[in-house]
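Working notes, structure below.
The values are calculated or read from the model by the stated rules, or taken from the named source; none is laboratory data. The shown structure was predicted, so the numbers you read here are calculated from the model rather than taken from an experiment. Using ideal geometry, Cβ is built from the backbone for each residue, glycine included, and neighbour counts are taken over all protein chains shown. Accessible surface is based on the protein model in full, side chains and every heavy atom, while ligands, DNA and RNA are left aside. Shrake-Rupley method; radii C 1.70, N 1.55, O 1.52, S 1.80 Å.
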Amino acid sequence: MTEKSTECSIPCNLCGSRDVQEICNVDRDGKYLRTVLCKECGLAWTDPRPNADEIRNFYTKNYRVSYKGTDTPKLKHVYRAGMNAAARYSVLKAFSKPGDAVLDIGAGGGEFVYLLRKLGYEANGIEPNEGYGTYAKEHLGVPVEIGFAQQAELAADSYNVITLHHVFEHLDDPAQMLVRIRGALREGGHLIIDVPNLEATCFAPISRFHTAHLFTFNPTTLTAMCKKAGFELRALEVSDDGGVIGAVFQKAAVPTGFEPRLEGNFEKLAAIIAGHTNLSHFLTKHPYIRPVARLSRSLREKKAIRGASSGREVLDRIAETV
């Protein structure tokens, strides 16, 4: 990899180092976005980044429009999120039971909260986007607080499980958020996280970094960050295409600490990123199966929501299959 700028305005959120290497300077839309990789541990992050007011306005007003094309979920979005909720429940049920208190941080339109409450859980959510949060409250009738988890009151020892589904990478200070989450979990409580995988090569190189993703993890950095905050790893799985890390952590009775220098992780990631070129990507199956998969998904969604008049009806159909 060609050596690029090593200047860094934000210290590593995991190990505190400022010794970094620039690994990209554009986002997936080709706009300027500088991403750096920590040479001590391998955590990647956007540097510099928008100020706090810009970040808040983006997630409150524009995030869902930017990613979904709408500020209120359509039925196809509800179905898609509902199917994701069913998959997420298949993980959660191994570490919980009906009646447990669950907090879904970044609850979107409230589909996961709705499903869990349908299954007998005491589920609540927090969602910063006003359009999606309002949909959860008014259309699904579930308790989703509109706001940012970073500012929300998380009462001590209140939850058996806290989940962050493709949310952790959006936080401006994930390490500090983990400390707050640990305090909000009851003894032996679990934290379930899904994040994009920095090691993934299932998408085009230009698609690796997103404006909204302030941090990018691989299994090593995700596990180390949670261990640093006082969690023990219980399960970790990478999706079949390598694109997503799903992990379950348990609140440790006594934090064990962590090794700030993750030996070899930077070198491993730098090599993966340098080797992931347009040519190498188009020599794999991924660019060819993705359009087919999208068409197949679209057809399934149309069939699944046919005749449905509300998001509740769509989710109730899914709940019957869980």
Looking at (1) within 22 Å of Ala85 (Cα to Cα); (2) surrounded by fewer than 17 Cβ atoms within 10 Å (Cβ to Cβ), which one does Ile146 not meet, given that it meets all the others? (2)
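Conditions tested, residue by residue: (1) open to solvent by less than 30 Å² (accessible area, probe 1.4 Å); (2) touching a helix residue (DSSP H, G or I) at 6+ places or on another chain (Cβ under 6 Å).
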{"site": "Leu92", "(1), (2)": "yes, no"}
{"site": "Gly99", "(1), (2)": "no, no"}
{"site": "Leu103", "(1), (2)": "yes, no"}
{"site": "Gly110", "(1), (2)": "yes, yes"}
{"site": "Tyr114", "(1), (2)": "yes, yes"}
{"site": "Lys118", "(1), (2)": "no, yes"}
{"site": "Glu127", "(1), (2)": "yes, yes"}
All but one of (1) part of a loop (DSSP other than H, G, I, E, B); (2) at pLDDT 90 or above; (3) of a type in the set (Gly, Ala, Ser) hold for Ala271, so report the exception by its number. (1)
Just for segment 1-24: of the residues that are without any contact (Cβ under 8 Å) to a residue 12 or more places away in the chain and of a type outside the set (D, E, K, R), which one is most open to solvent (accessible area, probe 1.4 Å)? Thr2
Taking segment 129-142 as the region of interest, how many residues are in a loop (DSSP other than H, G, I, E, B) and crowded, with 16+ Cβ neighbours inside 10 Å? 4
Out of Pro287, Pro255, Pro291, I need the residue that is open to solvent by 50 Å² or more (accessible area, probe 1.4 Å) and either within 23 Å of Pro73 (Cα to Cα) or assigned to a helix (DSSP H, G or I) (or both). Which one? Pro291
Identify, please: which residue in segment 164-200 is assigned to a strand (DSSP E or B), aliphatic (A, V, I, L, M) and over 8 Å from the mean Cα position of the chain (by Cα) and is, among those, farthest from Gly108 (Cα to Cα)? Leu185
Mind counting the residues in segment 179-202 that are closer than 13 Å to Gln250 by Cβ and open to solvent by less than 10 Å² (accessible area, probe 1.4 Å)? 5
Inspect all residues belonging to segment 232-241 and state whether any of them is of a type outside the set (Gly, Ala, Ser), open to solvent by 10 Å² or more (accessible area, probe 1.4 Å) and without any contact (Cβ under 8 Å) to a residue 12 or more places away in the chain. yes
Step by step: first the residues of segment 203-231, then only those that are farther than 14 Å from Leu262 by Cα and among the β-branched types (Val, Ile, Thr), then the one that is least open to solvent (accessible area, probe 1.4 Å). Which residue is that? Thr216
Based on what the data block shows, is Glu40 without any contact (Cβ under 8 Å) to a residue 24 or more places away in the chain and surrounded by 15 or more Cβ atoms within 10 Å (Cβ to Cβ)? no
